[in-house]
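**Student:** Next up is a structure, given as structure tokens.
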Amino acid sequence: MLAIQRNIALAKHHHGGVAMATCPICKSEAQEIELGFLDGKTFRCPKHDDFDVSDTALTTRLSASSEEWEAALKKATSRAGAGKRPKILDLDF
């Protein structure tokens, strides 16, 4: 499973001390921030801002479409509430 996770989000390189990654939603270049996040990854995407994704969602939703990821982010944002960073969970798909 770890290898699958790396394929979607951790095909990264270090650029000036920042971990670069691929946004699981739009597949554009993003930053992985808060590298110590326990259950998942935290992304900073130019299009989607900052959001968390659980390890389960990263591994089980590898083949989900961008539209499915967008819908999951919308659910996570609604659940998080105003001013809070959303966390996409497997149940959001």
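**Student:** Scan (1) surrounded by 18 or more Cβ atoms within 10 Å (Cβ to Cβ); (2) within 13 Å of PHE93 (Cα to Cα); (3) not basic (Lys, Arg) for the single condition SER63 breaks and write down its number.
**Tutor:** (1)
**Student:** Would you pick out the residues in the range 21-71 that are under 21 Å from GLY81 (Cβ atoms), among the acidic types (Asp, Glu) and over 10 Å from the mean Cα position of the chain (by Cα)?
**Tutor:** Selection gives GLU34, ASP39, ASP49, GLU70.
**Student:** Additional query: Scan ALA30, ALA57 and give me the residue that is outside any loop (DSSP other than H, G, I, E, B), out of contact with any Cys (no Cβ under 8 Å at 6 or more places or on another chain), at pLDDT 95 or above and of a type in the set (A, V, I, L, M).
**Tutor:** On inspection, the qualifying residue turns out to be ALA57.
**Student:** Follow-up question, since we're still on this one. Quick check on LYS12: is it out of contact with any Gly (no Cβ under 9 Å at 6 or more places or on another chain), at pLDDT below 85, of a type in the set (D, E, K, R) and surrounded by 14 or more Cβ atoms within 10 Å (Cβ to Cβ)?
**Tutor:** yes
The values are calculated or read from the model by the stated rules, or taken from the named source; none is laboratory data. Keep in mind the model is a prediction, meaning the values are calculated, not measured. Methodologically, a virtual Cβ is constructed for each residue, glycine included, from the backbone with ideal geometry; neighbour enumeration extends over all protein chains shown.
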